[in-house]
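What follows is a set of notes on a single structure, which appears directly below.
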Amino acid sequence: MNLHEYQARDILRRHGIPVPPGEVATSADQARAIAARLGGAVVVKAQVHAGGRGKAGGVKLARDAAEAAAHAAKILGMTIKGLVVQRVLITPAAEITAESYLGIVVDRASQRPMLMVSAAGGIDIEEVAVQTPEKIHRLAVDPRYGVLPHQALGLALKLYGDLTRARAAADIMQRLYGAFYAVGASLAEINPLATTRDGALAALDAKIVIDDNELTRHPELAALRDTSAEAPSEVAAREAGLTFIKLDGSVGCCVNGAGLAMATMDLVKYYGGEPANFLDIGGSSDPQKVVSALRIITADPSVRAILFNIFGGITRGDDVANGIVQATAQLALKVPLVIRLTGTNEELAIEILTKAGFSALSDMDEAVKQAVAKARTA
Amino acid sequence: MSIFVDQQTRLVVQGITGRDGSFHTRQMLGYGTKVVAGVTPGKGGQLFDGVVPVFDTMADAVAETRANTSIIYVPAAVAASAVFEAADAGVALIVCITEGIPVLDMTRVLPYLHERGARLIGPNCPGLISPSRSKVGIIPGNICRPGRIGVVSRSGTLTYEIVHQLSGAGYGQSTCVGIGGDPLIGTSFIHCLSAFQADPDTDAVVMIGEIGGTDEQLAADFIQQAMSKPVIGFIAGQTAPPGRRMGHAGAIIAGSSGTAAEKMAAFARAGIAVMKRPADVVTLLKERL
């Protein structure tokens, strides 16, 4: 789950990391009031789950409150990478002399949290990582001990020549790791960690992604989810216990298992079609999930045919068949349905489907070919 | 022969009285797996289905029954704790079916297992089966046939699809292993490939990968350097949009490493026969064997 910048700043501040003041506005008038309260020049920053906000025109410097209101009016409602901006963060403009990068991810190769730091922070850090990887310093953290003081100071001294500043940065690195671990993050990032004119360090921008699997034990974090920043179909799918990702094609796919779902999309493409979605109904045997899945797929007007690909293991074929029968009774399908169903309780499933006037195929390739052809002629 | 599980496997089921645990214990018993014990705290002393003794702790279960393998069906919030308990009880192989374990839990579990010399398969995996010998997990027994092809996969149902194609064409399996779809897992492709290479009853290996991470690329290097047996490979997620999570947490394209195209290219460079679609597995095996 992605957090907004203002939410990530709150977490860092609670962990003792220096974060400049700032408040969130949803209207130009609010932006004006906040800017007036902060005094002087401010930065108006779009709060959306997308990188490259600055380059997209979502971050603007304002000399005074009136200009802050004008920028906010322009940024609110703007679309960045398909997401509509609904909030802006207003924060004082700081004069900065240097920008560093601090980030933590879980590294698959070392199977540990990895702290990555660089003196070349700022908006081009991804470019730095590709072009000059030697400018990024890494530490695989032993989760039993966390980031030890000498490890943090060693990294900080690669970023700052001045010992006082290096000690301050080392402290921030340890606190960032503390925040990362406490909230169950899969990513925690400060970029830039700015050196201000008076020589102090401050986290000017922050990004935190929470591991979805942590949310059941962190209800306070789950409550931070901003469903308005996500596609409505994806919100509905999550609430129904399905994994759904909307794509641009015309063949709606409903599959059990993530790997088979991806392979089904690939096969749709192989036979000349385009998948309309990724949808994994999971391993459970609940006909209601199939009803929810069909409701979400049929809500997409670009879907011209629907393909079920079910290989029963834990998922029982008869449950899926019952779900299809229930869903089609409730939903009045306007597009053709192609069903491939094999595995656990296959005979029972086919009996249920046949009785309701459907037919089922047992071969995946054949089913995909038919679905692609039907999507084309429908 | 086979890898990791066979007739010597003495299995203890952690979470035997739960919904999934009880269902799949019956399936495994029906397949002929030696299920010697179950563990559910508070239910020690009961007999599951009149045949399997239930214990309160793993330590008791292992001490009483000499179980050497455990399988975990407990909920995600307590699954890491179940793995720690299994390692302390001294079983050599731990198979974790549970999906949704926080990745930071795994960063603590894996070094603990390593220090105790225990192997973990999974989490978030379908387990493994050595057809007609032992089934430890949820792979449907009826789609498998005994034979000489090794199968290793990050997926569940996609594995069933490919095993189904193999069995239908008369290619039985020595062992099918689902290593799991999470970013951090206990047993990698390389561990399985190396075991299949050493197994005298495996002639060729089918390897099923997906987008995200670099495990398939590392496996390709290993195959090139250390394997003489033919390997057939598949990568799911060729049409996946970059940066989106596709059900498996592991299937995330991070930066430039992890796309299907990249992985398929690494396979081809290593001399692995690359399937374009699951149905290609039989044709490619015929060519290579």
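Yes/no matrix, rows are residues, columns are (1) under 30 Å from A:Ile297 (Cα atoms); (2) among the aliphatic types (A, V, I, L, M); (3) in the same structural domain as A:Gly82 (by TED's automatic domain parsing):
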{"position": "A:Asp162", "(1), (2), (3)": "no, no, no"}
{"position": "A:Ile172", "(1), (2), (3)": "no, yes, no"}
{"position": "A:Gly199", "(1), (2), (3)": "no, no, no"}
{"position": "A:Leu221", "(1), (2), (3)": "yes, yes, no"}
Residue, farthest from the other protein chains (Cβ to nearest Cβ), within the range B:49-68, restricted to residues that are under 11 Å from B:Gln14 (Cβ atoms) and not aliphatic (A, V, I, L, M): B:Phe55
Candidates B:Leu104, B:Leu113, B:Leu120, B:Leu128 - the one that is in contact with a strand residue (DSSP E or B) (Cβ under 6 Å, 6 or more places away or on another chain) and part of a helix (DSSP H, G or I): B:Leu113
Entirely in the range B:1-76, the strands (runs of 3 or more DSSP E) that have 1 or more residues that are among the β-branched types (Val, Ile, Thr) and within 17 Å of the chain's Cα centre (by Cα): B:11-14, B:69-72
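For B:Thr239, indicate whether it is assigned to a loop (DSSP other than H, G, I, E, B), at pLDDT below 95 and within 14 Å of chain A (Cβ to nearest Cβ). Talk me through it step by step, then tell me what you get.
Details: assigned to a loop (DSSP other than H, G, I, E, B): yes; at pLDDT below 95: yes; within 14 Å of chain A (Cβ to nearest Cβ): yes.
For B:Thr239, the condition - assigned to a loop (DSSP other than H, G, I, E, B), at pLDDT below 95 and within 14 Å of chain A (Cβ to nearest Cβ) - is met.
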Among residues of the range B:134-165, those that are assigned to a loop (DSSP other than H, G, I, E, B), at pLDDT 95 or above and surrounded by fewer than 24 Cβ atoms within 10 Å (Cβ to Cβ), counted: 1
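Let's see how each residue does on (1) in contact (Cβ under 8 Å) with a residue 12 or more places away in the chain; (2) in a helix (DSSP H, G or I); (3) within 7 Å of chain B (Cβ to nearest Cβ):
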| residue | (1), (2), (3) |
| --- | --- |
| A:Ala237 | yes, yes, no |
| A:Ile245 | yes, no, yes |
| A:Gly249 | yes, no, no |
| A:Cys254 | yes, no, no |
| A:Met265 | yes, yes, yes |
| A:Gly273 | yes, no, no |
Verdict on A:Lys55 being loosely packed, with under 15 Cβ neighbours inside 10 Å and not in a helix (DSSP H, G or I): yes
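Have a look at B:Val163, B:Val136, B:Val109 and point out the one that is of a type outside the set (Phe, Trp, Tyr), more than 9 Å from every other protein chain (Cβ to nearest Cβ) and within 12 Å of the chain's Cα centre (by Cα). Talk me through it step by step, then tell me what you get.
Values: B:Val163 fails: within 12 Å of the chain's Cα centre (by Cα); B:Val109 fails: within 12 Å of the chain's Cα centre (by Cα).
Of B:Val163, B:Val136, B:Val109, the one residue that is of a type outside the set (Phe, Trp, Tyr), more than 9 Å from every other protein chain (Cβ to nearest Cβ) and within 12 Å of the chain's Cα centre (by Cα) is B:Val136.
Being modelled with pLDDT of 95 or more and either more than 23 Å from A:Arg165 (Cα to Cα) or assigned to a loop (DSSP other than H, G, I, E, B) (or both) is true for just one of A:Leu89, A:Leu115. Which residue is that?
Going through A:Leu89, A:Leu115 in turn, just one is modelled with pLDDT of 95 or more and either more than 23 Å from A:Arg165 (Cα to Cα) or assigned to a loop (DSSP other than H, G, I, E, B) (or both): A:Leu89.
When you go through A:Lys369, A:Lys374 one by one, which is the residue that is within 25 Å of B:Pro241 (Cα to Cα) and either surrounded by fewer than 18 Cβ atoms within 10 Å (Cβ to Cβ) or within 14 Å of chain B (Cβ to nearest Cβ) (or both)?
Working: A:Lys374 fails: either surrounded by fewer than 18 Cβ atoms within 10 Å (Cβ to Cβ) or within 14 Å of chain B (Cβ to nearest Cβ) (or both).
The match here is A:Lys369.
The values are calculated or read from the model by the stated rules, or taken from the named source; none is laboratory data. Fair warning: this is a prediction, and the values are worked out from it, not measured in the lab. Note: ideal-geometry Cβ built from the backbone for every residue, glycine included; neighbour counts use all protein chains shown.
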